[in-house]
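Reading through the structure tokens given below for one structure.
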Amino acid sequence: MAKKCIRVLISIAAPLLIFIGGWILMYPGSNDSKNIKYVLWKHGLYRMDINTATAVMVGDSARDKLIIGRTKTQIQNIFGVLIAPEETTPYYRNCYKNSAWKDMKALYIDHSPWLIVFDKGKAIKLILIKGS
């Protein structure tokens, strides 16, 4: 009976380890949106440095799912600090002031180039501010 349980356990664990090992080998770059650490972070299963995560978001085609429809509190639970445009760098402040969203509530994710626009308490747009 014990040998059968061990065989079943090995037959489940071996393919799982091969799958995870293959994933890690296929997407080793920490700046790749398919990197296992970033994917786990997106699902709340891994703690990742927010600066790294926001940098990886640039290449993530599904990044809007992290933000759109969520409240400020929900987004803070994912990213931590959200900064008002008035409290960020002059460049980001001016980008916001000269944007189509200047009359709407908006917050930056920490000191990253990601601007979140809110309407009625929920995020409606995620914008990458390019430049410096």
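Taking the stretch 24-132 as the region of interest, the helices (runs of 4 or more DSSP H) fully inside it that hold 2 or more residues being in contact (Cβ under 8 Å) with a residue 60 or more places away in the chain and either surrounded by 14 or more Cβ atoms within 10 Å (Cβ to Cβ) or of a type outside the set (Gly, Ala, Ser) (or both) are 50-56.
Residue-level analysis places Ala2 among those that are of a type outside the set (Phe, Trp, Tyr) and over 23 Å from Lys130 (Cβ atoms). Checking Ile129, Ile67 one by one, the residue that is under 22 Å from Asn31 (Cβ atoms) and in contact with a Pro (Cβ under 6 Å, 6 or more places away or on another chain) is Ile129 and no other.
Any read-out appearing in this document is the output of simple, stated calculations on the displayed coordinates, not a laboratory observation. Please read all numbers here as calculations on a predicted model, not as lab measurements. Neighbour counts run over all protein chains shown; Cβ positions are idealised from the backbone, glycine included.
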